[in-house]
Ligand SMILES: *[C@@H]1O[C@H](CO)[C@@H](O)[C@H](O)[C@H]1NC(C)=O
């Protein structure tokens with residue numbers, strides 16, 4: 001009896017693998033914003049609607065804002081202040097999720113709110129704080145499980161970069177260091193696999209900053225996001241929303257001498273990360 005069952009399973013797995021996206025999640029969606037003000041762009045409304053609408057359960061992670069104050073004391077977040085802007089946007093079930101301590105992040109009790117969540121939002125700040133709290137913990141696994149069951153993850157600025165596979169600007173000494181030597185701050189949470197994600201590229205003149213990242217890790221796609229600008233990811237496709245440009249660092253394309261090794265996309269553009277082509 002065993003052999004036909006195994007045979008059936010292997011058939012199932014081989015078809016699933018062939019259809020699985022290489023970049024985004026098979027079922028989950030991502031909203032990745034380049035920092036700044038997304039008001040008036042429809043991006044936040046899109047995030048809420050992809051999460052299932054205002055009656056669904058949203059989890060807000062403020063951790064990028066820091067785990068400790070300058071004097072070393074543990075940073076305390078006031079949950080009602082963290083969720084207040086989301087209540088103003090009409091959400092009914094919003095919970096804050098935060099700890100500075102990965103041992104706590106690894107407990108069943110800490111992750112129970114994530115189990116039936118529909119969407120997760122990562123605030124901005126410094127992306128390495130998110131790594132310090134959650135990398136390798138049960139919480140990290142639950143973030144991925146939410147995508148596996150068709151949930152939505154969004155974030156802006158540091159909350160954008162954490163979604164990549166390589167962690168851009170992970171250095172604790174400052175955000176001006178694009179590629180850190182700190183071994184524990186080089187990996188993002190890979191909600192968008194095979195990617196390196198940068199933000200604020202227009203206001204902070206970071207257009208060229210992913211060039212050395214893609215030179216060192218040629219298997220990655222570099223995505224530089226302007227402020228108030230987002231990519232909405234479903235599977236291997238994304239659509240651009242918002243005010244300004246997205247720089248796509250695609251090293252599979254031939255560039256002319258003197259040309260920068262990336263190209264720009266604008267609001268409304270749809271793009272396939274696997275084929276590296278704009279969709280009509
Ligand atoms: C949290 O913030 C709210 C709203 O500003 C305030 O009323 C409340 O006292 C604060 N709670 C704590 C524990 O500081």
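Read-outs: derived from the displayed coordinates by stated rules, not from any lab. If you're wondering where the values come from, they're calculated on a predicted model, not measured in any experiment. Note: ideal-geometry Cβ built from the backbone for every residue, glycine included; neighbour counts use all protein chains shown.
Scanning the stretch 153-194 for residues that are under 20 Å from residue 273 (Cα atoms), under 10 Å from the mean Cα position of the chain (by Cα) and in contact (Cβ under 8 Å) with a residue 60 or more places away in the chain returns 153, 154, 155, 160, 162, 163, 188, 191, 192, 193.
Yes/no matrix, rows are residues, columns are (1) surrounded by 24 or more Cβ atoms within 10 Å (Cβ to Cβ); (2) not in a helix (DSSP H, G or I):
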residue	(1), (2)
144	no, no
159	yes, no
181	no, yes
192	yes, yes
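Please verify whether the stretch 231-252 includes one or more residues that are surrounded by fewer than 17 Cβ atoms within 10 Å (Cβ to Cβ), without any contact (Cβ under 8 Å) to a residue 24 or more places away in the chain and in a loop (DSSP other than H, G, I, E, B). Checked the stretch 231-252: no residue is surrounded by fewer than 17 Cβ atoms within 10 Å (Cβ to Cβ), without any contact (Cβ under 8 Å) to a residue 24 or more places away in the chain and in a loop (DSSP other than H, G, I, E, B). Please determine whether any residue of the stretch 47-67 is over 30 Å from residue 205 (Cα atoms) and within 16 Å of the ligand (Cβ to nearest atom). No.
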